[in-house]
Amino acid sequence: MDTILVMVIGLLPIVSAVIVFASNSSKTKNNINLPNGNMGWPIIGQTLSFLKAHRSTSMANFLEDQCSRFGKVFKCHLFGSATIVSCDYELNLFILQNEEKLFPASYPKAMKGILGTSSLLMTSGELHRKLRGIVVNFSAMSKSNSIFLHSLQNIALSMMDSWKDYKEIAFHKQVKKFTLDLMLKTLLSIEPEEPLALKILQDFLTYMKGFVSLPVEFPGSHYSKAVKARTRLSSTVGEIIKGREEEKRRKGDFLEVILSKGGVSDEEKVSIMLDILLAGYETSSTLISLIVYFLGHSPLAFQSFKKEHQSIRKSKPQQDKYLDFHDYQKMEFTQNVINEAMRCGNIVKFVHRKASQDVKYKEYVIPSGWKVLPILAAAHFDTSLHQNPFDFDPWRWTNNKTVIMPFGGGPRLCPGAKLAKVETAFFLHHLVLNYRWKVKADDFPMAYPYVEFQQGLLLDIEAETSA
């Protein structure tokens with residue numbers, strides 16, 4: 001957290017001019033019925049309080065305090081802009097469903113240095129629809145593809161086999177390597193043991209550190225290193241694409257699918273690959289880690305989960321250690337566990353939007369040009385939507401009426417959400433049948449706002465003798 005504070009302070013001279021403009025802009029809206037709120041300190045607003053690290057299984061003190069004082073929708077000053085923050089489920093749905101017309105994506109411009117101008121997060125309109133369609137195609141094609149599912153399980157079983165001589169592992173780090181290895185294999189036909197995989201991993205870790213830091217441009221900052229790492233990754237992926245085009249040799253990976261499509265520039269091809277790497281690496285690994293954490297603290301849920309997977313295993317021929325998509329469709333309680341872990345763990349806490357015009361909602365107005373932050377996690381802890389919302393209770397999903405907003409919504413709903421669930425279910429199937437584990441008592445998920453475990457999710461592990 002100290003690093004984040006230093007970065008925020010370093011950012012102040014850069015954004016001060018923007019903040020002055022936003023403050024002046026807010027004065028012109030005095031005659032508009034704005035939500036209640038406090039704009040915070042001069043220049044920095046309330047960004048430091050908003051970004052303060054907290055357990056991802058909670059709303060955070062800042063949001064709880066603001067909601068108790070001003071209601072579920074309030075005004076404040078964040079990221080250099082006058083901002084409307086929404087912890088209201090109905091308003092959040094309205095914002096996400098009207099993304100194209102009223103609330104376009106509005107991520108900080110400095111993120112272009114890391115993501116590139118063709119990233120799904122930075123594009124809009126027809127270009128966004130075109131690129132998103134390609135990613136949706138990848139997700140739909142992969143989740144039931146026998147080759148993909150076989151590779152997934154091979155990589156998972158190989159990793160788990162390497163744990164047999166260990167009594168303790170840093171699980172979150174391990175599962176991040178698993179998801180990256182899987183993406184490299186699926187996207188680019190790069191095997192985990194290849195030197196190129198290690199090179200990409202090193203650059204990707206640097207890239208990720210910058211992606212979740214504040215965009216402060218000075219030598220040695222995480223942001224500056226990430227921009228350089230992104231340039232190297234783009235060059236590496238670009239060279240792979242060029243070589244593949246010259247070879248004209250079929251490999252059956254997703255790059256082959258992209259190369260077969262017309263109307264996609266080289267820059268867009270690279271951005272698509274990096275977007276999928278980013279999503280597949282971070283989202284899936286965090287979801288798996290959250291489930292392992294929650295099951296480690298929920299013996300009844302663990303037993304029900306394990307029982308379901310033992311039943312699926314018994315239905316397979318003894319010599320067949322691999323699952324197929326039909327097996328996935330039998331995992332009813334597993335789906336409950338996945339949904340409940342996303343509700344309690346909050347992989348994506350909020351998204352960046354901006355009002356393109358004055359928008360009247362109920363008794364107040366969201367002014368044109370103001371930043372809008374729908375807090376997705378708010379619905380997950382809303383006592384009017386969930387009974388005992390802070391309890392991990394997979395059985396609450398039995399009637400399928402539970403509300404959840406883990407991956408956004410509307411036109412920008414995460415295109416890889418279904419694929420992430422398949423990866424998670426298959427990995428956990430083999431984990432629960434091969435290992436028992438205990439979570440270290442003082443380790444838990446933190447929101448920075450990205451989700452990380454303080455000690456890397458340290459597990460005491462023991463191989464199942466009956467596996």
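The values are calculated or read from the model by the stated rules, or taken from the named source; none is laboratory data. These numbers were taken from a predicted model, which means no experiment stands behind them. So basically every Cβ, Gly included, is an ideal-geometry build from the backbone, and we count neighbours across all protein chains shown. In case anyone asks, the SASA skips ligands and DNA or RNA and just uses the protein heavy atoms, side chains included. Shrake-Rupley method; radii C 1.70, N 1.55, O 1.52, S 1.80 Å.
Run through segment 237-313 and list the trypsin sites (Lys or Arg not before Pro) located in a DSSP loop whose Cβ has at most 12 other Cβ atoms within 10 Å.
Sparse-neighbourhood loop trypsin sites (Lys or Arg not before Pro): Lys248, Arg249, Arg250, Lys251.
Considering only C-alpha atoms, what is the centroid distance from segment 354-405 to segment 99-133, in Å?
After rounding, the separation between the Cα centres reads 23 Å.
What ranking, highest mean first, results for peptides 387-393, 281-287 when packing means the other Cβ atoms within 10 Å averaged over each residue? Working shown, then result.
Values: 387-393: 14.1, 281-287: 25.0.
Highest-to-lowest ranking by the protection proxy: 281-287, 387-393.
What are the trypsin sites (Lys or Arg not before Pro) within segment 339-445 that DSSP puts in a loop, where the Cβ has at most 16 other Cβ atoms within 10 Å? Numbers along the way, then the final one.
Working: sites: Arg343, Lys349, Arg353, Lys354, Lys360, Lys362, Lys371, Arg396, Lys401, Arg412, Lys418, Lys421, Arg436, Lys438, Lys440; in loops: Lys349, Lys362, Lys401, Lys440.
Loop-located and lightly packed - Lys362, Lys401, Lys440.
So which GluC sites (Glu not before Pro) in segment 164-242 are both in a DSSP loop and have at most 13 other Cβ atoms within 10 Å of their Cβ?
Values: sites: Glu168, Glu193, Glu217, Glu239; in loops: Glu193, Glu217.
The qualifying sites are Glu193, Glu217.
With only alpha-carbon atoms in the gyration tensor, what are the semi-axes of the equivalent ellipsoid for segment 111-265, in Å, largest first?
Values: eigenvalues 134, 115, 46 Å².
Each semi-axis is the square root of five times an eigenvalue, giving 26, 24, 15 Å.
Please compute the contact order of the chain in relative form: average sequence separation of alpha-carbon pairs under 8 Å and at least six residues apart, divided by the residue count, as a percent.
Working: 683 pairs, mean separation 115.9, N = 467.
Relative contact order here is 25 percent.
Rounded, prolate or oblate: which fits segment 189-337, taking a ≥ b ≥ c as square roots of the Cα gyration tensor eigenvalues, rounded meaning a/c under 1.5, else prolate when a/b beats b/c? Could you put the intermediate results ahead of the total?
Details: a/c = 2.79, a/b = 1.49, b/c = 1.88.
Oblate is the answer for segment 189-337, as a/c is 1.5 or above yet b/c matches or exceeds a/b.
So, counting K/R as plus one and D/E as minus one, what does the shell of residues with Cβ under 10 Å around Pro192 add up to?
Numbers: positive: Lys177, Lys185; negative: Asp181, Glu191, Glu193, Glu194.
Its environment carries a net charge of -2.
How far, in nm, would the chain grow between Ser162 and Asp358 when pulled straight, counting 0.36 nm per residue and subtracting the alpha carbon separation? Could the numbers behind the result be given before it?
Details: separation 196, 0.36 × 196 = 70.56 nm, distance 5.72 nm.
That works out to 64.8 nm of additional length.
Heavy atoms only, probe 1.4 angstrom, no DNA, RNA or ligands counted: give me Trp163, Trp437 ranked by accessible area, highest first.
Details: Trp163 5, Trp437 35 Å².
The ordering from most to least exposed comes out as Trp437, Trp163.
Please report, in whole Å³, the volume per residue of the convex hull around the C-alpha atoms of segment 260-313. Each step should come with its number before you reach the end.
Working: hull volume 5.6 nm³, N = 54.
That works out to 104 Å³ per residue.
For the chain, what proportion of DSSP beta bridges, expressed in % and rounded to the nearest 5, is antiparallel?
Details: 27 of 32 bridges.
Counting only bridges with both partners in the chain, antiparallel ones make up about 85 percent.
Using Cα pairs closer than 8 Å and at least 6 residues apart in sequence, work out the relative contact order for segment 185-311, in percent. All intermediate terms of the calculation are to be shown ahead of the outcome.
On the way: 72 pairs, mean separation 25.7, N = 127.
This gives 20 percent for segment 185-311.
Where the centre of each part is set by its Cα atoms, how far does segment 294-330 sit from segment 42-94, in angstrom?
40
If ligands, DNA and RNA are left out, what is the accessible area of Glu90 with a 1.4 Å probe, given in Å² to the nearest 10?
It works out to around 110 Å².
Can you give the net charge of the other residues whose Cβ lies under 12 Å from the Cβ of Gly113, counting K and R as +1 and D and E as -1?
Details: positive: Lys109, Lys112, Lys225, Lys228, Arg230; negative: Glu217.
After counting each charged neighbour, the total is +4.
Calculate the FRET efficiency for Ser58 and Ala463 from the Cβ-Cβ distance with a Förster distance of 60 Å, rounded to the nearest 0.05.
For R0 = 60 Å, the calculated efficiency reads 0.95.
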